[in-house]
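Quick notes on the structure that follows.
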């Protein structure tokens, strides 16, 4: 009797796929790639997924450029550099020249310098515990590098810390 109630999603209509996509999109913006993956996990057929994605794009429920802009702002606020932001965008399937153009417009060199300085100042206590100057510099370098900041920005911050005799 329970077997009758359990309906395989592969037999579902495009309308069910669209409803599922809309439920997913009510929580937050998703890239086209993310939405396709989530619908595949729910066992919808390729045709149903394509129809649902087309409908969402037609009504602008999904827009990769808008999603990229929102995600870039969020990652900048969290203290990530341009390289890390690009990596995270790629993970979400946000790739290509349009996305790189949005990234270039959204994250200037000055933004990256300010972001690195802000995140370094926020985490300064972590580095003050290290007594050895070289180890401390290495830790700061690794920290900022893992956050996706360029070597030039990292070097500028290390130089600034050297000049102010703060920490180093």
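All of the numbers you see were taken from the coordinates with simple rules; none came from a lab. This one's a predicted model, so the numbers in the text were calculated from it and none came from an experiment. A quick note on method: Cβ atoms are made from the backbone with ideal geometry, for glycine too, and the neighbour counts reach across all protein chains shown.
Data overview
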read-out: Search result, residues across region 11-37 that are more than 23 Å from the chain's Cα centre (by Cα), surrounded by 15 or more Cβ atoms within 10 Å (Cβ to Cβ) and assigned to a loop (DSSP other than H, G, I, E, B); value: 12
read-out: Some residue of region 127-141 being surrounded by 14 or more Cβ atoms within 10 Å (Cβ to Cβ) and out of contact with any helix residue (DSSP H, G or I) (no Cβ under 7 Å at 6 or more places or on another chain); value: no
read-out: Helices (runs of 4 or more DSSP H) completely within region 73-168 that count 1 or more residues being farther than 27 Å from residue 37 by Cβ and out of contact with any strand residue (DSSP E or B) (no Cβ under 7 Å at 6 or more places or on another chain); value: 97-106, 109-122, 124-128, 133-146, 151-164
read-out: Criterion violated by residue 66 - all others in (1) in contact with a helix residue (DSSP H, G or I) (Cβ under 9 Å, 6 or more places away or on another chain); (2) within 30 Å of residue 15 (Cα to Cα) satisfied; value: (1)
read-out: Search result, residues across region 38-53 that are surrounded by 14 or more Cβ atoms within 10 Å (Cβ to Cβ) and farther than 13 Å from residue 64 by Cα; value: 38, 39, 42, 44, 45, 48, 49, 50, 51, 52
